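The block underneath contains the structure these notes are about, expressed in structure tokens.
The values are calculated or read from the model by the stated rules, or taken from the named source; none is laboratory data. Remember, it's a predicted structure, so these values are computed and weren't measured experimentally. Reconstructed Cβ throughout: ideal geometry from the backbone, glycine too, with neighbour counts over all protein chains shown. For accessibility, only protein heavy atoms count, side chains too; no ligands or nucleic acids. Shrake-Rupley method; radii C 1.70, N 1.55, O 1.52, S 1.80 Å.
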Amino acid sequence: MRRRTLPAVAVVTALAALTGCGGAPRAAPGRDAGASGPPPARPAPQRSAVPSAGLPWVGVLLGEDGHWCTASVVDSPRGNVVATAAHCVYGDGSAATGFSFAPGYRGRAARPAPYGTWKVRAVRVDDAWRAAGDDADAHDVAFLVVEPDARGRAVQDVVGAARPEWTSGPRRRVTVTGYPNRDRNPSDGPVACTTDTREDPDLAGSVVMECDGFFDGTSGSPWLAGGRLIGVLSGGETDRESTAVLFGATARALYDEAVRASGS
């Protein structure tokens, strides 16, 4: 399985000092309860990702050499847990260190990190991934614990979070938001695609979507179905085909481990 990340990035040694403030986007209005006639037709699946306003709780993993993967805040009791792909943060027998999470990132904007940067202090990956790495594709999920900001705030209190779903089926309408690397994404902002998934015939417990534009850098992108986080982008055989491991019992146990670590 091809990975969507910069192969040179394994351990990051410094933080980018970007700060600022911003607001969350407004929700789209619902259908008028008094409207008559059939509901509007469901939009056709997208075939290519398009530039997006992004989501305040989706951002990038960031070090002194820039960003290399996408990540998102997951609802948790202390509000300091972030989800991404395991291959983004653990390789060659050790976890990455000295990096941060920048939600709502906009690389070409006057304030690239409008909600600040949040130092990652703990990385949790499954034992199977630590033992086998790329040979354990079914475990390509990681949960990170981030420190409070300089004002003592938890990241979830500032930008919000997605609630995880641990029992999703393989056929869903998903919206995926990610950050391709700058060489394929000159605006250095997020792209998004809403499309349908199907079961991955090559890996039990995984799903596939076909939507062009999820180039290197989008590993770890959240897959949202019905507003819930059901998995993160882990790879794909081409830039048009992307895969994600559905959150299940193993991911739930890993999340619980991160939650316990978040209180230490």
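When Asp157 is evaluated against the numbered criteria (1) closer than 23 Å to Ser52 by Cβ; (2) outside any loop (DSSP other than H, G, I, E, B); (3) open to solvent by 10 Å² or more (accessible area, probe 1.4 Å), which criterion, by number, is the only one it fails? Looking at each condition in turn, Asp157 falls short on (1).
Here Pro170, Pro148 are screened, and the one residue that is under 22 Å from Ser100 (Cα atoms) and either open to solvent by less than 10 Å² (accessible area, probe 1.4 Å) or at pLDDT 95 or above (or both) is Pro148. The set of residues in the range 192-233 being touching a Cys at 6+ places or on another chain (Cβ under 8 Å) and among the aliphatic types (A, V, I, L, M) consists of Met209 alone. Annotation: Val146 fulfils all but one of (1) touching a Gly at 6+ places or on another chain (Cβ under 6 Å); (2) closer than 26 Å to Arg252 by Cβ; the unmet one is (1). Is it the case that Val141 is free of Cβ contacts under 8 Å to residues at least 60 places away in the same chain and either open to solvent by less than 60 Å² (accessible area, probe 1.4 Å) or under 26 Å from Gln46 (Cβ atoms) (or both)? Spelling it out, it is not the case that Val141 is free of Cβ contacts under 8 Å to residues at least 60 places away in the same chain and either open to solvent by less than 60 Å² (accessible area, probe 1.4 Å) or under 26 Å from Gln46 (Cβ atoms) (or both).
Of note, Ala138 does not satisfy the criterion of being part of a helix (DSSP H, G or I), of a type outside the set (S, T, N, Q), within 22 Å of Gly248 (Cβ to Cβ) and touching a helix residue (DSSP H, G or I) at 6+ places or on another chain (Cβ under 6 Å). If you go through the range 231-255 and pick out every residue that is in contact with a Phe, Trp or Tyr (Cβ under 9 Å, 6 or more places away or on another chain), in a helix (DSSP H, G or I) and under 13 Å from Phe143 (Cβ atoms), you end up with 4. Against the criterion of being touching a residue at least 24 places away in the same chain (Cβ under 8 Å) and open to solvent by 30 Å² or more (accessible area, probe 1.4 Å), Leu233 does not qualify.
Results for (1) farther than 16 Å from Gly59 by Cα; (2) at pLDDT 95 or above, shown as yes or no for each residue.
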position	(1), (2)
Gly79	no, yes
Asp134	yes, no
Asn185	no, no
Asp196	yes, yes
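The residues listed here are Ala109, Ala131; of these, the one that is in a helix (DSSP H, G or I) and open to solvent by 20 Å² or more (accessible area, probe 1.4 Å) is Ala131. Might you let me know whether the range 199-208 holds any residue that is charged (D, E, K, R), within 25 Å of Tyr105 (Cα to Cα) and over 12 Å from the mean Cα position of the chain (by Cα)? For the range 199-208, residues charged (D, E, K, R), within 25 Å of Tyr105 (Cα to Cα) and over 12 Å from the mean Cα position of the chain (by Cα): absent. Among the residues of the range 220-230, the one identified as out of contact with any Leu (no Cβ under 6 Å at 6 or more places or on another chain), assigned to a loop (DSSP other than H, G, I, E, B) and either buried (at least 22 other Cβ atoms within 10 Å of the Cβ) or of a type in the set (S, T, N, Q) (or both) is Gly220. Val191 - would you say it is closer than 20 Å to Ala161 by Cβ, modelled with pLDDT of 95 or more and either surrounded by 17 or more Cβ atoms within 10 Å (Cβ to Cβ) or not charged (D, E, K, R) (or both)? Considered against the rule, which asks whether it is closer than 20 Å to Ala161 by Cβ, modelled with pLDDT of 95 or more and either surrounded by 17 or more Cβ atoms within 10 Å (Cβ to Cβ) or not charged (D, E, K, R) (or both), Val191 comes out as no. Only one of the listed residues (Gly59, Gly66) is on the phi > 0 side of the Ramachandran plot and either crowded, with 16+ Cβ neighbours inside 10 Å or out of contact with any Cys (no Cβ under 9 Å at 6 or more places or on another chain) (or both). That residue is Gly66. With respect to being surrounded by fewer than 20 Cβ atoms within 10 Å (Cβ to Cβ) and either on the phi > 0 side of the Ramachandran plot or at pLDDT 95 or above (or both), Val208 fits the description.
Of the candidates Thr84, Thr97, the single residue that is β-branched (Val, Ile, Thr) and open to solvent by 30 Å² or more (accessible area, probe 1.4 Å) is Thr97.
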